[in-house]
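This report concerns only the one structure given below.
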Amino acid sequence: MTATDVGAAIPGEVNPQSMDFGEGVLPIPRVDRYAGTGLMFWLWCGGNILLTTFVLGGYYAAALGAVGMIVVTFAGGILGNLFPSLSGLRSARYGVDEYVGMRSSFGTFGAYVGIFLLVAINFGWVGILSSIAGHSGAAVMATYHVNNFHWYSIFALSCGIVLPVAMLYISPKTVFGLVKVAVPILIIFAALLLWKQLTHFGWGYISHIKANHSVSWQYAIEANIAYAVSWFPYMGAWNRFAKTERGAFWGAWLGLSFIAILFAIVGGMATLTTGSGDPSVWATKSGLGVPALGIIILSTLINNAMLLYCSAKGIQTAWPKVRYHIVVAVVALPSIVFIYEGTLQNNFNTILTVVGAFIAPYWGVALGDYFLVRRQRLDLVGLYQRENSPYWFHGGFNIRALVVWVCGVGVWIFLGGWTSTVSWVQIAAGEKVFSYLTATAPTIIICAVAYWLVMLPALSAQRRRDAASHAAVTVAAVSVTQPEVTGG
């Protein structure tokens with residue numbers, strides 16, 4: 001069924017003509033999708049090229065040493081990025097936005113919870129990333145003794161807000177165009193930084209820097225997985241452009257994992273050799289100040305455009321008649337507050353806590369719904385209907401799914417609350433269990449299986465109704481076709 005078919009089935013829902021550009025919320029027909037495996041790979045590479053990905057390796061490098069840091073980064077990156085890559089398959093198959101697909105799990109209005117989580121987190125992400133561009137730009141201009149302007153605001157607002165919004169105003173396709181050029185450059189920069197570390201200090205020196213064991217390897221694994229699954233809310237908005245499910249899965253998994261591993265290792269080594277977790281210090285000591293600014297600007301443009309687009313699509317799924325261009329501008333404005341409040345380093349642990357405690361169980365339920373309950377089969381028209389939809393549940397809410405999600409939040413707090421700097425989740429009860437399981441990955445799996453078990457009675461009842469309906473149709477068909485027998 002195409003976008004036009006769905007639009008015809010649900011008159012007035014959205015404008016089917018906007019689907020060619022991904023500016024509406026109807027499913028994108030497969031014939032109109034333009035992202036193959038390679039382009040999806042570059043897209044998710046570009047998405048993960050963040051200073052936070054550098055910072056991730058430095059988060060635990062001093063604790064584990066170079067060898068331990070590399071092993072944990074590989075394991076955590078590959079496992080953690082598997083979860084969002086699987087989640088993105090729903091949008092790749094049906095061409096729908098993330099939060100349209102989530103209606104099958106939580107109901108029409110229950111999916112709004114995920115939209116709220118996405119938009120709220122993005123306000124902080126966009127503001128923090130913009131602030132990094134602002135600080136870097138101001139620092140570079142200071143080296144040239146050009147201090148006559150408010151360079152922080154100029155770089156932060158232009159690179160973090162104005163230009164990403166302008167790209168999305170033109171078309172979401174501009175992001176795909178930029179990543180094809182920018183991502184290879186960004187990867188070369190990371191490789192150059194790694195090469196400078198190895199040639200200046202040598203692997204022998206780096207590998208023999210003693211670990212201080214300030215955190216455990218389980219803590220480092222958890223950080224990697226929580227960071228990776230922070231991509232959950234964004235997968236559907238972009239995977240709906242994928243030509244095939246295979247291309248969407250492999251492009252996302254390989255792209256996210258490759259950059260996560262490369263950048264975290266580079267950041268970890270730089271932290272060990274410089275004694276600092278600040279990327280600007282690494283760039284300065286490596287003589288890459290100006291090139292580093294260019295990298296930060298490119299990274300900010302790509303990532304903020306991706307984040308703002310996801311926020312806009314999430315809001316449009318709730319209010320589909322709101323114009324795309326208006327939504328893009330509206331979701332960008334609140335982030336300006338965060339440009340002038342907080343830093344990446346201060347908020348990194350808080351971000352991982354929010355992702356682990358709220359995002360992981362919510363999408364764990366969604367994974368259980370799509371793969372275990374629905375078996376990857378959805379009613380496409382039903383996703384866009386309301387009272388007549390099979391996904392309306394009770395007043396637009398799937399109470400069972402929401403209950404499992406809330407319980408999942410409790411599971412994560414029990415397992416991983418002690419790792420957080422957020423006071424109200426600091427529960428040490430599950431610290432011993434954490435040492436065997438960590439927190440985010442088991443929370444996802446527990447929520448998926450728990451939701452499947454909770455839905456089993458409803459599934460059994462539905463299958464009995466379907467079997468009875470099929471039997472009735474069969475009997476009716478036999479009675480119609482059976483020849484009449486008369487006496488001789």
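The values are calculated or read from the model by the stated rules, or taken from the named source; none is laboratory data. For clarity, every value in this text was computed on a predicted model and none was experimentally measured. Note that each Cβ is placed from the backbone with ideal geometry, even for glycine, and that neighbours are counted across all protein chains shown.
General remarks:
- If the condition is being assigned to a loop (DSSP other than H, G, I, E, B) and at pLDDT 90 or above, then region 424-450 contributes 438, 439.
- Residue check for residue 56: in contact (Cβ under 8 Å) with a residue 12 or more places away in the chain and surrounded by fewer than 24 Cβ atoms within 10 Å (Cβ to Cβ): no
- Of the residues making up region 287-306, those that are of a type in the set (Val, Ile, Thr) and surrounded by fewer than 21 Cβ atoms within 10 Å (Cβ to Cβ) are 290, 297.
- Flag if residue 405 is out of contact with any Asp or Glu (no Cβ under 7 Å at 6 or more places or on another chain), surrounded by 14 or more Cβ atoms within 10 Å (Cβ to Cβ) and either closer than 16 Å to residue 449 by Cα or charged (D, E, K, R) (or both): yes
- Among the residues listed as 206, 188, the single one being surrounded by fewer than 16 Cβ atoms within 10 Å (Cβ to Cβ) and over 30 Å from residue 334 (Cα atoms): 188
- Residues in region 154-190 that are free of Cβ contacts under 8 Å to residues at least 24 places away in the same chain and more than 28 Å from residue 241 (Cα to Cα): 154 only.
- Pairing residues of region 431-444 that are farther than 13 Å from residue 365 by Cα with residues that are at pLDDT below 90 and surrounded by fewer than 23 Cβ atoms within 10 Å (Cβ to Cβ), at Cβ distances under 7 Å and at least 6 apart in sequence or on separate chains, gives 431/418.
- Hey, residue 397 more than 20 Å from the chain's Cα centre (by Cα), among the hydrophobic types (A, V, I, L, M, F, W, C) and crowded, with 16+ Cβ neighbours inside 10 Å or not: yes
- Where a residue in region 374-394 is in a loop (DSSP other than H, G, I, E, B) and its partner, wherever it lies, is surrounded by 20 or more Cβ atoms within 10 Å (Cβ to Cβ) and of a type in the set (Val, Ile, Thr), with Cβ under 7 Å and at least six apart: 380/6; 381/6; 386/108; 389/108; 391/108; 392/108
- Some residue of region 144-160 being among the hydroxyl-bearing types (Ser, Thr, Tyr) and under 25 Å from residue 325 (Cβ atoms): yes
- Among the residues of region 191-237, those that are outside any helix (DSSP H, G or I) and without any contact (Cβ under 8 Å) to a residue 40 or more places away in the chain comprise 202, 208.
- The listed residue being assigned to a helix (DSSP H, G or I) and under 20 Å from residue 367 (Cα atoms), out of 267, 247: 247
Residues checked against (1) among the aromatic types (Phe, Trp, Tyr); (2) surrounded by fewer than 23 Cβ atoms within 10 Å (Cβ to Cβ):
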position: 90; (1), (2): no, no
position: 99; (1), (2): yes, no
position: 112; (1), (2): yes, yes
position: 122; (1), (2): no, no
position: 145; (1), (2): no, yes
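- Positions within region 148-177 being under 30 Å from residue 28 (Cα atoms) and surrounded by 19 or more Cβ atoms within 10 Å (Cβ to Cβ), in sequence order: 159, 160, 161, 164, 165, 167, 168, 172, 175
- 3 or more residues at pLDDT below 90 and either acidic (Asp, Glu) or within 26 Å of residue 184 (Cα to Cα) (or both): qualifying helices (runs of 4 or more DSSP H) within region 1-75: 37-48, 51-58
- Condition met for residue 309 (within 30 Å of residue 162 (Cα to Cα), crowded, with 19+ Cβ neighbours inside 10 Å and out of contact with any helix residue (DSSP H, G or I) (no Cβ under 6 Å at 6 or more places or on another chain)): no
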